[in-house]
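Novice: Mind looking over this structure? Questions follow.
Laboratory data are not the source of any read-out in this text; all were calculated from the coordinates shown. In this text, all values refer to a predicted model and were calculated from it rather than measured experimentally. Methodologically, a virtual Cβ is constructed for each residue, glycine included, from the backbone with ideal geometry; neighbour enumeration extends over all protein chains shown.
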Ligand SMILES: [Zn+2]
């Protein structure tokens with residue numbers, strides 16, 4: 001049901017407007033040792049655990065399209081769940097701190113012994129076009145990269161690649177047109193910085209995977225480069 005979700009999201013926005021330091025997922029008040037997201041929300045995050053499985057659905061999504069070492073998403077997103085609320089706060093409500101927080105939380109998961117992501121040299125966010133970035137004031141994938149970088153103790157580099165074509169909203173296009181639409185939209189600006197490196201490419205939500213595929217293709221133009229992918233969310237549950 002779309003309507004209650006819209007109302008829920010609207011109420012959440014109103015509550016956070018009135019109490020800007022409350023939990024960014026449930027808008028409830030935070031205890032003194034809680035920051036940005038309450039412990040209860042973190043405990044009930046809809047986690048995919050894809051970082052532990054080489055043939056997870058996100059990895060499979062890219063099979064036969066682009067060669068990746070590994071691919072994973074942290075959380076499931078669906079209409080009305082807390083991931084959707086958090087992404088909404090991150091992208092449209094100027095809450096960039098939630099991106100950093102989610103990056104840190106996923107960083108700890110990736111550090112687990114069984115994780116498939118042990119040896120990353122550099123973290124690169126999928127770039128936004130300059131116009132879009134100026135509009136929002138930041139790139140939502142940059143802040144996720146920052147959080148990951150802190151915990152994994154691996155540098156992040158937002159400028160190795162840039163988005164040279166500003167694409168229009170893709171929601172109304174057919175799947176085929178969406179693929180066409182992202183062909184060649186990125187340009188490798190600093191190939192020396194990625195030479196010989198295993199790059200973790202990060203984005204907010206994976207939808208068709210077309211934008212990520214286009215970014216991977218661009219990064220692979222670098223010399224002796226390996227790419228893995230991590231996103232905050234993927235559809236499901
Ligand atoms: Zn909460």
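Novice: Between region 80-112 and region 8-67, what is the C-alpha centre distance in whole Å?
Specialist: Rounded to whole Å, the Cα centres lie 5 Å apart.
Novice: Another question, if that's okay. Would you mind telling me which residue in 14, 219, 52 has the biggest mean-square fluctuation in a Gaussian network model of the chain, where springs connect alpha carbons within a distance under 10 angstrom?
Specialist: 14
Novice: If I fit a long axis through the Cα atoms of helix 210-219 and take the longest principal axis of the Cα atoms of the chain, what angle between them do I get, 0 to 90°, rounded to 10?
Specialist: 40 degrees
Novice: Next up: Just 29, 40, 189 to compare: in a GNM of the chain, with alpha carbon springs under 10 Å, which one fluctuates most?
Specialist: 40
Novice: How far apart, in nm, are two points set 7 Å out from the Cα along the Cα-to-Cβ line at residue 47 and at residue 166?
Specialist: Using points 7 Å along Cα→Cβ, the separation is 4.0 nm.
Novice: Could you tell me how many degrees, from 0 to 90 and to the nearest 10, lie between the Cα long axis of helix 82-92 and the main elongation axis, the longest principal axis, of the Cα atoms of the chain?
Specialist: It is inclined by approximately 70 degrees.
Novice: Test of understanding: in a Gaussian network model of the chain with alpha carbons linked when under 10 Å, which of 156, 108, 76 would top the mean-square fluctuation ranking?
Specialist: Checking each option, the largest mean-square fluctuation is seen for 108.
Novice: For helix 140-152, what angle does its Cα long axis make with the longest principal axis of the chain, in degrees from 0 to 90 and rounded to 10?
Specialist: 80 degrees
Novice: Something else now. Full-extension gain between residue 192 and residue 221, please, as 0.36 nm times their residue separation minus the C-alpha to C-alpha distance.
Specialist: Using 0.36 nm per residue and subtracting the Cα-Cα distance, I get 9.3 nm.
Novice: Next question. In the chain, what percentage of the DSSP-assigned beta bridges are antiparallel, given to the nearest 5?
Specialist: On the way: 5 of 24 bridges.
Of the beta bridges lying entirely in the chain, close to 20 percent run antiparallel.
Novice: Which whole-number percent is the relative contact order of the chain (Cα, under 8 Å, 6+ apart)?
Specialist: Worked out over the chain, it gives 21 percent.
Novice: So between residue 93 and residue 109, what do we pick up on full extension, going 0.36 nm a residue minus the alpha carbon distance?
Specialist: Here the segment from residue 93 to residue 109 would lengthen by 3.1 nm.
Novice: Could I ask something else about it? How would region 78-227 be classified by its alpha-carbon gyration tensor: rounded, prolate or oblate, with rounded meaning a/c under 1.5 and the a/b versus b/c comparison settling the rest?
Specialist: Note, shape of region 78-227 comes out oblate.
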